[in-house]
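The structure under discussion appears below in the form of structure tokens.
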Amino acid sequence: MRKIRTAVVGLNMGLQHAYAYDKAERADLRWVVDLDENRAAQVAEELGCGYATDWTKIVDDVDAVSICTPHHLHAPQSLQAIAAGKHVLLEKPIANTLEDCWKIIHAAEDKGVTFMMAYIVRFLPAVQRLKEAIDREEFGRAFNANCWIEGYMPPAPGSWFSRKEQLGGGVLFSHGCHYIDLLIWLLGNTVNVASLGTQLGTEWMEGEGTAHSVMKFESGALGYLETSWGMKYAYRPDLLHVHTKDALLMLDASVSKLDVMDASGRRTLIAPVEGETAGFNTQGEIEHFLDCIETGRTPDTDGYAAMKSHQAIWAMYEEQNRVQNYPGNSSLGSEVSGG
Ligand SMILES: NC(=O)c1ccc[n+]([C@@H]2O[C@H](COP(=O)([O-])OP(=O)(O)OC[C@H]3O[C@@H](n4cnc5c(N)ncnc54)[C@H](O)[C@@H]3O)[C@@H](O)[C@H]2O)c1
């Protein structure tokens, strides 16, 4: 069977896609593309493929393309790749507006190509084990989840990362979307969401650099997500805790190990075996994309699945704007003192 010819556009996060295609037996990584020619040439030499600075010049030579560029480029580039009949694996988020997201999703449907969102977290073995435990109610029904995404990410001056219009919002939209998606995937559709955000501590951001968000799911379960790009010092032993009727499930900070604590104590349900790469490994995600192209199967992280997280976040942003009009306790002044 002919290998699936692939290209990667944008070689920062895209580098991980390129490594995974290079490793995947059924893929033929033909091109790596970046506006920075030196970077593209360096990666091409390392992986033994061609390189280019203009992806439109090489797109005819491939079956599938990974788009790993700044968010404001996702819509024009995806639409162009889909129009050329290429399967697309797109880094998150889909696009910066609701209209552009649906345009991409519908264009892929009309053209009959595979369109998948690179929601990498879902494809990590420890996360899949967690999903299995929750779905099977191995430790009783899940009713609460707390997730902490803490980091320090001041971008280069003038970077697209700090511009609200290019990023599509703040940290919640850009980074938080992975974990809003994860919470929805684990706990079900949302019925209610709310959020507060601030620029304090991340003054380089036009949007919020820290956000606290809460969600209520159809089952009645609650979820909490803290996201920040301003935490120079963070002590975060775990990334996610899920409380069930009989236990606490703990996904560690490297997203590689899942522990459970219950009446019989604490034990590990899954951890990387020797020689296995821990953490954010794109191999599972890339293999799923190739599988969907080969079989015609709908990706687990197709546009519709990804839209759930996007729409939840846009509703959270509406909520952030609404609560900004709350006068706050200080407006009550001395009337509350001594109460
Ligand atoms: N899944 C994850 O964990 C994760 C982590 C980081 C970033 N991302 C996503 O990856 C995407 C890229 O983010 P990043 O951090 O790598 O950004 P970045 O700005 O660090 O890198 C983007 C790269 O794309 C190149 N580029 C820009 N326009 C291009 C064009 N028209 N043609 C070819 N190359 C072009 C730039 O030269 C740069 O090398 C975003 O969607 C981001 O949200 C995902």
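Identify, by number, the condition in (1) touching a helix residue (DSSP H, G or I) at 6+ places or on another chain (Cβ under 6 Å); (2) open to solvent by 20 Å² or more (accessible area, probe 1.4 Å) that Phe115 doesn't meet.
Phe115 satisfies every listed condition except (2).
Considering only residues that are in contact with a helix residue (DSSP H, G or I) (Cβ under 7 Å, 6 or more places away or on another chain) and surrounded by fewer than 23 Cβ atoms within 10 Å (Cβ to Cβ), which ones fall in the range 211-227?
Here is the first cut: in the range 211-227, the ones in contact with a helix residue (DSSP H, G or I) (Cβ under 7 Å, 6 or more places away or on another chain) are 211, 213, 215, 217, 219, 221, 223, 225, 227.
If the condition is that a residue be in contact with a helix residue (DSSP H, G or I) (Cβ under 7 Å, 6 or more places away or on another chain) and surrounded by fewer than 23 Cβ atoms within 10 Å (Cβ to Cβ), then Phe217, Ser219, Ala221 are the ones that fit.
Condition first: within 16 Å of the ligand (Cβ to nearest atom) and β-branched (Val, Ile, Thr). Now tell me which residues in the range 168-201 satisfy that. If you could, list the steps in order and put the result at the bottom.
Our first condition is that a residue be within 16 Å of the ligand (Cβ to nearest atom); within the range 168-201, this holds for 168-182, 185.
If the condition is that a residue be within 16 Å of the ligand (Cβ to nearest atom) and β-branched (Val, Ile, Thr), then Val171, Ile180 are the ones that fit.
Residues that are over 14 Å from the mean Cα position of the chain (by Cα), modelled with pLDDT of 95 or more and farther than 12 Å from Trp229 by Cβ: which helices (runs of 4 or more DSSP H) entirely in the range 151-203 hold 1 or more of them?
164-167, 176-187
Cβ contacts < 6 Å: first residue in contact (Cβ under 8 Å) with a residue 40 or more places away in the chain, restricted to the range 105-134; second residue among the aromatic types (Phe, Trp, Tyr) and open to solvent by less than 40 Å² (accessible area, probe 1.4 Å), any location; separation 6+ or different chain. Result?
If the second residue must be among the aromatic types (Phe, Trp, Tyr) and open to solvent by less than 40 Å² (accessible area, probe 1.4 Å), the pairs left are Ala108/Phe115; Met116/Phe289.
Tally the residues that are closer than 22 Å to Ile82 by Cα, open to solvent by less than 10 Å² (accessible area, probe 1.4 Å) and within 15 Å of the ligand (Cβ to nearest atom), restricting the search to the range 21-49.
Qualifying residue count for the region: 2.
Residues in the range 61-106 that are over 15 Å from the mean Cα position of the chain (by Cα) and either in a loop (DSSP other than H, G, I, E, B) or closer than 19 Å to Ala7 by Cβ (or both): how many?
Going through the range 61-106 one residue at a time, the tally reaches 22.
Could you check the range 162-176 and list, in sequence order, the residues that are out of contact with any Lys or Arg (no Cβ under 8 Å at 6 or more places or on another chain) and farther than 18 Å from Ala75 by Cβ?
Ser162, Val171, Leu172, His175, Gly176
Taking the stated definitions as given, is Lys92 basic (Lys, Arg), crowded, with 21+ Cβ neighbours inside 10 Å and on the phi < 0 side of the Ramachandran plot?
Details: basic (Lys, Arg): yes; crowded, with 21+ Cβ neighbours inside 10 Å: yes; on the phi < 0 side of the Ramachandran plot: yes.
Criteria met by Lys92.
Of the residues Arg297, Arg267, which single one is surrounded by fewer than 16 Cβ atoms within 10 Å (Cβ to Cβ), modelled with pLDDT of 95 or more, part of a loop (DSSP other than H, G, I, E, B) and outside the structural domain of His17 (by TED's automatic domain parsing)?
Arg297
The values are calculated or read from the model by the stated rules, or taken from the named source; none is laboratory data. Predicted model only: the values in this text are computed from it and were never measured. A quick note on method: Cβ atoms are made from the backbone with ideal geometry, for glycine too, and the neighbour counts reach across all protein chains shown. Each accessible area value is taken on the protein alone, full model and side chains, heavy atoms only, with ligands, DNA and RNA left out. Shrake-Rupley method; radii C 1.70, N 1.55, O 1.52, S 1.80 Å.
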